[in-house]
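The values are calculated or read from the model by the stated rules, or taken from the named source; none is laboratory data. Bear in mind that the values here come from a model prediction, so they are computed numbers and not experimental data. As a convention, Cβ positions derive from the backbone with ideal geometry for all residues, glycine included, and neighbour counts pool all protein chains shown. Ligands, DNA and RNA are excluded from the accessible area calculation, which covers all protein heavy atoms including side chains. Shrake-Rupley method; radii C 1.70, N 1.55, O 1.52, S 1.80 Å.
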Amino acid sequence: MKYVSTRGSAPALDFAEVTLAGLASDGGLYVPDSWPQFGMDEIRDMRGLPYAELAARVMAPFVGDSLTPARLRELTGEAYSRFAHTAVTPLVQLDEQQWLLELFHGPTLAFKDVALQLLGLLFEEFLAREDSRLTIVGATSGDTGSAAIDAVAGRDNVEIFMLHPKGRVSDVQRRQMTTVRAPNVHNIAIEGSFDDAQAMVKRIFADESVTARHRIGAVNSINWARLMAQVVYYFAASLQLGGPDRKLAFSVPTGNFGDVFAGHVAARMGLPIDRLIVATNVNDILHRALSSGDYSAGSVTPTAAPSMDIQVSSNFERLLFDVGGRDGVALGEQMRGFEGSRAMMLSNAQREGAAGLFASARVDEDETAASIRHAHENWGEIIDPHTAIGLHAARHAALPSQVPIVTLATAHPAKFRDAVERATGLRPALPNRVGDLFAREEAYTELPGTYEAVRDHILEHAA
Ligand SMILES: *Cc1c(COP(=O)(O)O)cnc(C)c1O
């Protein structure tokens with residue numbers, strides 16, 4: 001399996017290389033050069049497998065020769081042993097049509113753990129082989145940071161610099177990052193939004209004053225290995241609800257378009273999926289793009305679902321590449337135009353290509369709170385604001401009643417307990433696995449929102 005850049009001019013890489021590379025050198029994102037296919041019988045054969053075994057089966061074609069099947073199976077076993085539920089991603093039925101897929105049973109209470117627990121192990125594996133070091137630079141709207149830090153803290157040959165927008169992540173999210181005391185963990189709070197932080201990270205990858213001295217790696221969903229790991233739970237959910245002989249729909253609370261792109265990949269691999277519902281909050285660039293072709297970024301409005309407070313969705317580029325004819329040169333031009341003006345119209349091919357599988361919805365703050373209340377009053381379920389956005393979109397999707405709709409429950413409600421308390425009057429307790437989070441001391445550096453400040457800080461502190 002080879003990986004190619006969405007912008008057509010970076011070298012093709014194998015899985016081990018793409019895992020360590022993050023962003024492609026031409027500014028694009030890596031995607032497999034073709035989609036591995038599973039036949040219906042092969043998918044039926046996956047029924048009943050333990051999650052770690054299923055993960056190894058689904059990922060094997062993407063990993064190619066980079067790991068033996070036995071080693072891949074060991075790594076998935078280790079990655080998923082830290083989850084608090086034996087099913088890893090259990091399904092919960094709400095009514096005849098609505099289901100929740102709980103993705104928050106990992107160590108940091110959000111779905112990011114599903115991919116990052118594995119990615120931490122992959123980094124260690126591939127770096128040890130080459131005897132090299134990796135400096136991870138990432139931006140987080142809250143959950144990637146804590147999951148990535150948990151996954152790499154104390155590991156050999158890796159260090160991590162994590163940028164979060166100051167004051168725009170929840171207390172629990174911030175403390176899950178800043179109370180991890182390991183010499184290879186560096187937390188940075190910057191003035192500005194997640195988009196500002198993400199733009200700085202992209203510049204670091206392209207800045208020779210940094211890349212000449214350090215090998216820079218990515219833990220954001222620009223890293224292919226993350227998306228690959230997320231494909232697995234689409235299979236897991238489908239297999240439990242009658243797949244592949246029955247089509248499901250998924251409603252996915254979306255920010256950077258990584259999680260829902262993994263659903264697109266599952267469909268491309270042969271998993272029958274009726275529809276992928278892209279659920280956004282009021283930061284609705286993806287809803288506008290999918291419903292009218294208008295991909296134009298406004299400024300970010302902070303909401304109760306901060307992990308979705310994003311205007312520029314990195315992984316959307318992967319979709320545009322895949323449905324728009326896989327023409328990297330043309331897409332590179334289109335994306336550079338977007339980066340200049342922060343606006344573009346999708347081509348007809350891109351719009352039609354996306355319309356076959358995707359639907360979208362925008363859910364505002366009142367609807368989010370009402371959705372949290374509705375789940376509690378009708379089903380006795382306490383859900384977090386991100387999940388509530390997905391569930392609102394699922395309940396209002398006009399799909400035939402025989403199509404099950406699985407909403408991805410992306411965070412544990414305790415991670416966003418202020419918003420949950422505002423909506424329901426109940427304050428969800430933090431699960432034991434987060435320990436004495438509020439008793440531990442925090443450590444982080446505050447920096448102004450300028451690229452130079454961030455770059456100089458990294459150059460000064462990187463090993
Ligand atoms: C990251 C995150 C999202 C958005 O996922 P993307 O892959 O960026 O679309 C949604 N909900 C929660 C809780 C998250 O942490």
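For the range 256-397, what is the accessible area per residue in Å² when the probe is 1.4 Å?
Here the per-residue accessible area is 34 Å².
Test of understanding: what is the full-extension gain from Asn378 to Glu421, defined as 0.36 nm times their sequence separation minus their Cα-Cα distance?
Values: separation 43, 0.36 × 43 = 15.48 nm, distance 1.69 nm.
13.8 nm is the gain from fully extending Asn378 to Glu421.
Quick one: Cα centre-to-centre distance for the range 166-241 and the range 1-68, in angstrom?
20 Å
Only Cα pairs under 8 Å and at least 6 apart count here; give the relative contact order of the range 129-280 as a rounded whole percent.
21 percent
Out of residues 5 or more away from Ile136 or on other chains, whose amide H comes under 5 Å of its own, with H placed 1.01 Å from N in the peptide plane?
Amide H neighbours of Ile136: Glu159, Ile160, Phe161, Gly217.
Could you state the accessible area per residue of the range 10-114 in Å², with a 1.4 Å probe and every protein chain left in place?
Each residue of the range 10-114 exposes 39 Å² on average to a 1.4 Å probe.
I want to make sure I understand the PRE zone here: with the label point 7 angstrom from the Cα of Asp364 toward its beta carbon, which residues in the range 386-404 have backbone N atoms less than 20 Å away?
Only 386-397 pass the distance filter.
Hey, which aspartates and glutamates would be in cross-link range of Lys2, C-alpha to C-alpha under 18 Å, not counting anything within fewer than 8 residues on its own chain?
Lys2 reaches Asp14, Glu17, Asp26, Asp33, Asp65, Asp322, Asp327.
Could you work out how much longer the chain between Arg336 and Ala398 gets when fully extended? Use 0.36 nm per residue separation minus the Cα distance between them, nm to one decimal. Provide the component values of the computation, followed by the final result.
Working: separation 62, 0.36 × 62 = 22.32 nm, distance 3.62 nm.
Length gained, Arg336 through Ala398: 18.7 nm.
How would Lys2, Lys415 line up by accessible area, probe 1.4 Å, largest first?
Values: Lys2 90, Lys415 0 Å².
Descending order: Lys2, Lys415.
Could you compute the FRET efficiency for Ala439 and Ser292, with r as their C-beta to C-beta distance and R0 at 45 Å, rounded to 0.05?
0.35
Please report the antiparallel percentage of the DSSP beta bridges confined to the chain, to the nearest 5.
Given both bridge residues lie in the chain, the antiparallel proportion sits at roughly 25 percent.
How about Lys247: which lysines have a C-alpha closer than 22 Å to its C-alpha, ignoring those fewer than 8 places off in the same chain?
The qualifying lysines are none; the list is empty.
For the chain, what relative contact order do you get, as a whole percent, if you take Cα pairs closer than 8 Å and at least 6 residues apart?
Here the relative contact order equals 19 percent.
Summing Lys, Arg as +1 and Asp, Glu as -1, what charge do residues with Cβ under 14 Å from the Cβ of Asn378 carry, Asn378 excluded? Don't skip to the end; give the middle numbers.
On the way: positive: Arg373, Arg395; negative: Asp95, Glu96, Glu377, Glu381.
Around Asn378, the surrounding residues sum to -2.
What are the DSSP H helices in the chain that stretch 20 Å or more along their long axis, judged by alpha-carbon atoms, and whose average Kyte-Doolittle hydropathy comes to at least -1.0? Walk me through the numbers on the way to the answer.
On the way: long enough: 112-130 (27 Å, 0.52); 224-240 (26 Å, 0.71); 365-379 (21 Å, -1.39).
Membrane-span-like by this criterion, though nothing is claimed about a membrane: 112-130, 224-240.
Stretch Ala12-Ala199 to full length: gain in nm at 0.36 nm per residue minus the Cα-Cα span?
On the way: separation 187, 0.36 × 187 = 67.32 nm, distance 2.41 nm.
That pair, Ala12 and Ala199, stretches by 64.9 nm at full extension.
In the chain, what percent of the accessible surface is made up of carbon and sulfur (1.4 Å probe, ligands and nucleic acids excluded)?
Roughly 47 percent, rounded to a whole number.
What percent do you get for the relative contact order of the range 342-448 when only Cα pairs under 8 Å and 6+ apart count?
23 percent
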